[in-house]
1. Restricted to the stretch 178-197, and to residues that are open to solvent by 90 Å² or more (accessible area, probe 1.4 Å) and without any contact (Cβ under 8 Å) to a residue 40 or more places away in the chain, which residue is farthest from residue 253 (Cα to Cα)?
2. Restricting attention to strands (runs of 3 or more DSSP E) lying wholly within the stretch 341-420, give those where 1 or more residues are buried (at least 21 other Cβ atoms within 10 Å of the Cβ).
3. Only one of 200, 255, 237 is without any contact (Cβ under 8 Å) to a residue 24 or more places away in the chain and within 22 Å of residue 154 (Cα to Cα); which?
4. If I filter the stretch 277-287 for residues that are modelled with pLDDT under 95 and aliphatic (A, V, I, L, M), do I get at least one hit?
5. Just checking, which of 172, 209, 229 is open to solvent by 30 Å² or more (accessible area, probe 1.4 Å) and part of a loop (DSSP other than H, G, I, E, B)?
6. Scan the stretch 300-326 for residues that are in contact with a strand residue (DSSP E or B) (Cβ under 9 Å, 6 or more places away or on another chain), open to solvent by less than 20 Å² (accessible area, probe 1.4 Å) and part of a helix (DSSP H, G or I) and jot them down.
7. Residues in the stretch 43-56: is at least one in a loop (DSSP other than H, G, I, E, B), in contact with a helix residue (DSSP H, G or I) (Cβ under 7 Å, 6 or more places away or on another chain) and free of Cβ contacts under 8 Å to residues at least 60 places away in the same chain?
8. Out of 94, 105, 127, which single residue is in contact with a Ser or Thr (Cβ under 7 Å, 6 or more places away or on another chain) and open to solvent by less than 50 Å² (accessible area, probe 1.4 Å)?
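The values are calculated or read from the model by the stated rules, or taken from the named source; none is laboratory data. In this text the structure is predicted, and so the values were computed from the model without any measurement. All Cβ positions, even for glycine, are placed from backbone atoms using ideal geometry, and neighbour counts span all protein chains on display. Surface accessibility is based on the protein's heavy atoms, side chains included, excluding ligands, DNA and RNA. Shrake-Rupley method; radii C 1.70, N 1.55, O 1.52, S 1.80 Å.
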Amino acid sequence: MVFKNAKSNHRCFIGCEMIFRITLLATCLSVFPITEKAADNLGILGAQPKWAVLEKYQETITHDEFTRLIQDVYCTHGFAPDLIEISEKTARILMNREAQKFFTLRFAENDASRKPVPRLWRPAESLPPAKLQKPLSGLRIALDPGHLGGTWAKMEERWFQVGNSAPVLEGDLTLRVARLLAPRLRELGAKVLFIRNSNEPVTAKRPGDFQELARKILIKHGVPQPRVDAPAPNDPENEQTIRWQSEILFYRYSEIRRRAALVNFKFHPDLVLCLHFNAEGWGDPNNPMLLDTNHLHLLVNGSYLQDELEFDDERFEMIRRLLSRAYDEELPLADVVATAMAREMQLPPYQYPTTLTTTKVGTSGYVYARNLLATRIYRCPVVYCEPYVMNGNDVFARIQAGDYEGMRNINGVESKSIFREYADSVADGLAEYYSKARGL
């Protein structure tokens, strides 16, 4: 699922590849050849690809456009030569290596002969005319407040507390932002849908439902007799327990896939806004490190890793997303929203310490392409926001101040409520983008 790039207490599956480590900061790359049927060659809890769906995209894209998106957006880290073979008139895409089955995509001869792209979401240019004060009229926006919060926050490791202060729970923070953002978007004319509007999971599954799969994962990765649990919370072998692995399967994979089902089969939005807060490594969540740092970045889908492309479902989902041209809408939108957020928040762009998982895209300097589960399987444009460092001194103080109207002096600076600043800046960016795109 979605994971924080900077948290030193981030959970990972047995066998994940360590990508980089600086000071107290570590990141895991979630690439796992694990399914209930290993021969299916699917990602975690992945579904069998329906390659026949891609027949609808025949002759909807030219050779040059397909090649550009593959090289500059989706496969910037390269891929095995037998996965995608591009010729002048077709692209041959591997469906399953064991069976040696391929899908052949036919290119349009030129831009004029391209067939319409089939999709349920609408780009800005195809929306009906809008009034000047309602640049989002007719637009369907789904809000996806990241994580869960509440009693689930400690399990997710999206929780920390300083002394007797109120605990910081990312899931609670993102939900508060979403509830402030929704009326702003409605005022601008949008229809707003909540993917999550409480601290309860969207999925009906619970960690106990994944214990057997967790046991198989551990055995496959060299733990022949997995323990149910560790004797202590800080046990160095915690990650090798059935409890640990089953919890990840629940909150990272089952939860996000259920959210995707709402997006893809019920809501059919034109845009999903994934709302998150960022953090740096904080160490002990009961005695966290507070830092003098703050930054902002946004994510769009892309920058697939070679190992990720080996999974049949991830390769299929990438090709379907490429052919839907979601990137052509979400990148310029993310650039405008990022610029509005940076202007309001006065934050510098986050710089990833490695290029192994991301590719900087766009013109704002704030947007990266990255293959996250949500940005990949939501079948519409997705703008994934990562502002603020929760364990930064100033951000922590603003979070402790809660929501309020007007301005308050926080650490010697007159500041708007951090939640309203977040919501207002996103709304302003959306209004700016759609006003221009719709000629208002």
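1. Among those that are open to solvent by 90 Å² or more (accessible area, probe 1.4 Å) and without any contact (Cβ under 8 Å) to a residue 40 or more places away in the chain, it is 187.
2. 367-369, 382-387
3. 237 is the lone residue from the list that is without any contact (Cβ under 8 Å) to a residue 24 or more places away in the chain and within 22 Å of residue 154 (Cα to Cα).
4. Looking through the stretch 277-287, none of the residues is modelled with pLDDT under 95 and aliphatic (A, V, I, L, M).
5. 229
6. Selection gives 308, 309, 312, 315, 316, 319, 323, 326.
7. So far as the stretch 43-56 goes, no, none of its residues is in a loop (DSSP other than H, G, I, E, B), in contact with a helix residue (DSSP H, G or I) (Cβ under 7 Å, 6 or more places away or on another chain) and free of Cβ contacts under 8 Å to residues at least 60 places away in the same chain.
8. Numbers: 94 fails: in contact with a Ser or Thr (Cβ under 7 Å, 6 or more places away or on another chain); 127 fails: in contact with a Ser or Thr (Cβ under 7 Å, 6 or more places away or on another chain).
Exactly one of 94, 105, 127 is in contact with a Ser or Thr (Cβ under 7 Å, 6 or more places away or on another chain) and open to solvent by less than 50 Å² (accessible area, probe 1.4 Å), namely 105.
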